[in-house]
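Comments concern the structure below.
The values are calculated or read from the model by the stated rules, or taken from the named source; none is laboratory data. All values reported here derive from a predicted model rather than from experimental measurement. Cβ: placed from backbone, ideal geometry, glycine included. Neighbour counts: every protein chain shown. Protein only, heavy atoms only, side chains kept; ligands, DNA and RNA dropped before computing areas. Shrake-Rupley method; radii C 1.70, N 1.55, O 1.52, S 1.80 Å.
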Amino acid sequence: MVVVRKHVRGVRALASGALALGLAGAALTPAAAQDGVRAAEPAGYGPVPVVYDSDLDFDDAATLLYLCQADKRGLIDLRAVTVVNNGVGTPGRSLTHARTILANCGLSHVPVADGSEQWVNEPPPEARALFEQVLSGALGDAGVPDEPGAVPAAELIAGTVRASRRPVTVLATGPLSNVAAALDRMSPRTLHDRLGRVVVMGGAFDVGGNLFGSTTEGFDNTQEVNMWIDPPAADRVLAGVPRARVSMVALDATNHAPITPAYVERLGSGATTYEARTVHAIVTQPGLPELIGQGIMYWWDTLAAVSLVTGQGVDHRIRPVDVVLDGPSAGRTVDVPTGTPQRVSTTADGALFEDLFLAGLNGR
């Protein structure tokens, strides 16, 4: 029998339209960083403030490259980048890769941090080894020494939200450990008034899971990997963020966005910016073309980012969501009456996503 946790209701719904992406108005000059967290910005309107949290494996790196272009175009205001160390990326190296990307994109002023060393369910070490090889090769930073962030990731996330006069959108494309810890550092008022949407790549509802590798024996593969690595953190976020403010881009949607050899070729021939060329370099590193050719690789995280920036590519509808905390189905996301109503994607327009992603990488 599937056992899920019941949650207390009573949080207020998101104010209509207050957090819409693409707000008109002049872009704001980023305030100076202090102790790794930007000070509150002047009053006014501008691009939606965004914090990006991930485990920085190959498609998270592609996502960060896309977000850099979105920031430079004034579509978002990238306030901070944090890395969770219990995912498929390699601890230490993942933060170095984030710094490399930001510096090469001209955004080295964006504060970074890492955190959450412990997992509940261990990601496959062979995947970590492969994606570390891929990113070091594509980014050319294998010899760059790793340095920790000035503050823990959870504090950077929470501090960025507290310091913003406008609600901050958090994009999370790895295990939700950092985000869950950040919620515990926010007051109820901060949570309600200054945390905007939490866009999550994670979960599987009406499709099977995507567990893989040497550490998944004993699980039933009803789970998406990010939720499976730290089920309590996923439960904390889905239950603790006010209703309808979480937007889950689940496997149901990402299954419509496979990485295909034809699109990889299109990326290569159509790349006109550092960001686009680097994404192409990532997906053509040794080891990845073979997996892409097998039809098992998807634009998981990038689909979530494109939907955040453009408001297109996926659909969402409210579903009462809960998380299985233990047993063979640990990490499974379920639609049950006792769940917290959140926004869940079920389909995606793969062709539209491809067009939007390439255009965004190229600054168009």
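Which of the following residues is open to solvent by 10 Å² or more (accessible area, probe 1.4 Å) and within 30 Å of ALA244 (Cα to Cα): ASP322, ASP349? Walk me through it before giving the result.
Values: ASP322 fails: open to solvent by 10 Å² or more (accessible area, probe 1.4 Å).
When all the criteria are applied, what remains is ASP349.
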* Which number in (1) closer than 25 Å to THR310 by Cα; (2) at pLDDT 95 or above; (3) of a type in the set (Ser, Thr, Tyr) marks the one condition that SER94 misses? -> (1)
* Report the residue count in the stretch 54-77 for those that are more than 10 Å from the chain's Cα centre (by Cα), surrounded by 24 or more Cβ atoms within 10 Å (Cβ to Cβ) and outside any helix (DSSP H, G or I). => 2
* Specify which of the listed residues (ALA262, ALA234) is crowded, with 20+ Cβ neighbours inside 10 Å and either out of contact with any strand residue (DSSP E or B) (no Cβ under 8 Å at 6 or more places or on another chain) or in a helix (DSSP H, G or I) (or both). => ALA234
* Could you please find all residues in the stretch 325-342 being surrounded by 22 or more Cβ atoms within 10 Å (Cβ to Cβ) and either in a strand (DSSP E or B) or at pLDDT below 95 (or both)? => THR333, THR340, GLN342
* Asked: List pairs: first in the stretch 211-239 and more than 13 Å from GLY87 (Cβ to Cβ), second at pLDDT below 95, Cβ under 8 Å, 6+ apart or cross-chain?
  -> ASP235/ARG5; ALA239/ARG5; ALA239/HIS7
* **Subset of the stretch 102-120 [buried (at least 24 other Cβ atoms within 10 Å of the Cβ) and either small (Gly, Ala, Ser) or more than 12 Å from THR82 (Cβ to Cβ) (or both)]** => ALA113, GLY115, SER116
* the stretch 278-314, residues that are open to solvent by 50 Å² or more (accessible area, probe 1.4 Å) and of a type in the set (Asp, Glu) -> GLU290
* So SER214 clears everything in (1) small (Gly, Ala, Ser); (2) out of contact with any Pro (no Cβ under 7 Å at 6 or more places or on another chain); (3) surrounded by fewer than 17 Cβ atoms within 10 Å (Cβ to Cβ) except one condition, right? Which one? -> (2)
* **Residue among ARG162, ARG189 that is assigned to a helix (DSSP H, G or I) and at pLDDT below 95** => ARG189
* Members of the stretch 221-257 that are under 14 Å from THR347 (Cβ atoms) and not polar (S, T, N, Q) -> MET248, VAL249, ALA250, LEU251, ASP252, ALA253, HIS256, ALA257
* Asked: If the Cβ limit is 9 Å and pairs must be 6+ apart or interchain, which residue in the stretch 350-364 that is over 17 Å from ASP301 (Cα atoms) pairs with which residue that is outside any helix (DSSP H, G or I) and not basic (Lys, Arg)?
  -> ASN362/ALA271; ASN362/THR272; ASN362/THR273; GLY363/THR272; GLY363/THR273; ARG364/THR272
